[in-house]
Amino acid sequence: MMTEFNRQTRGVRLGVRFAFGVIVASLTLALAVYRFGFPVLAAPPSGATAPTLASLPEGYRNWALISVASVGSPVNDVRAKLGNDIAINAYRQGTIPFPDGAIIARLAWKKHATSGETNNAIRLQATQAGLSPDAIQKLLDETFVAGPATNIQFMVKDSKKYASTGGWGFAQFTNGKPDSIVVQACFACHAPGKDHDFVFTEYAP
Ligand code: HEC
């Protein structure tokens with residue numbers, strides 16, 4: 001007879017075996033893509049899913065701003081989240097889950113220290129405000145703008161197509177080209193946000 005404990009242990013073991021299988025399958029696919037390039041993507045082996053986005057969504061750079069963020073050291077970037085019309089409307093109306101067709105983009109750039117004219121302008125304003133030289137230096141040290149772009153990530157809502165990853169397809173681009181990513185790894189980290197449809201970013205009014 002199987003005790004409750006055994007049953008749970010078995011469940012965990014099966015879960016671990018499944019997770020391991022997913023990792024091995026993903027790594028195998030990633031290696032195949034790496035070694036053989038695009039033909040593998042053009043004719044995926046049976047059971048493999050096509051990439052969420054083959055190219056950058058048209059007009060994404062004109063989408064409305066959801067919010068901004070900055071991740072600290074060692075990433076040191078600044079980020080903007082943009083949404084297409086469906087995503088923005090859902091945010092503004094508080095619609096959860098997001099409707100199919102919603103796309104959220106996360107753009108990111110390396111933090112870039114300000115210099116030259118920008119610093120002169122900030123220094124002038126800070127001096128007029130009566131800040132000490134030390135305080136002004138601190139202010140300048142902590143002031144930054146967007147430098148070179150790092151990568152762009154997308155979440156694309158299609159509750160049927162991406163049912164196994166919370167209804168979201170995941171994609172990433174560097175220099176305009178799709179990166180080969182393991183969508184299960186993206187989803188694994190977003191999974192705890194189930195209450196807000198796996199989306200972390202809140203709308204900044
Ligand atoms: C280790 C955890 C983690 C992993 C892995 C991860 N994300 Fe995220 N993601 C976050 C967090 C936290 C945020 C919110 C803050 C931010 O923008 O970084 C976020 C934000 C996003 C956003 C903006 C919408 C939102 O949920 O706030 C998109 C789009 C996104 N991630 C896509 C991806 C893609 C694509 C992958 C896989 C290539 C991925 N993420 C992997 C944690 C993760």
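The values are calculated or read from the model by the stated rules, or taken from the named source; none is laboratory data. As the structure is a computational prediction, the values presented were derived from the model and not from experiment. Backbone-built Cβ (ideal geometry, glycine too); neighbour counts: all protein chains shown.
Assorted remarks:
- Selection count where residues are more than 14 Å from the ligand (Cβ to nearest atom) and either surrounded by fewer than 10 Cβ atoms within 10 Å (Cβ to Cβ) or assigned to a strand (DSSP E or B) (or both), scope segment 164-174: 0
- Meeting the requirement of 1 or more residues that are modelled with pLDDT of 95 or more and over 19 Å from Thr150 (Cα atoms), the helices (runs of 4 or more DSSP H) wholly within segment 25-134 are 85-93, 116-128.
- Within segment 175-184, tally of residues that are surrounded by fewer than 13 Cβ atoms within 10 Å (Cβ to Cβ) and either touching a helix residue (DSSP H, G or I) at 6+ places or on another chain (Cβ under 7 Å) or touching a residue at least 60 places away in the same chain (Cβ under 8 Å) (or both): 1
- Of all residues in segment 135-152, those that are more than 30 Å from Glu202 (Cα to Cα) and either assigned to a strand (DSSP E or B) or β-branched (Val, Ile, Thr) (or both) total 1.
- Answer residue from segment 157-182, given it is among the hydrophobic types (A, V, I, L, M, F, W, C) and under 11 Å from the mean Cα position of the chain (by Cα) and is farthest from Ala54 (Cα to Cα) among those: Phe170
Residues are listed down the side, and each one gets a yes or a no for (1) away from the ligand (no atom under 12 Å from the Cβ); (2) free of Cβ contacts under 8 Å to residues at least 60 places away in the same chain:
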site: Asn89; (1), (2): yes, yes
site: Phe98; (1), (2): no, no
site: Lys111; (1), (2): yes, yes
site: Asn120; (1), (2): yes, yes
site: Phe187; (1), (2): no, yes
site: Gly193; (1), (2): no, yes
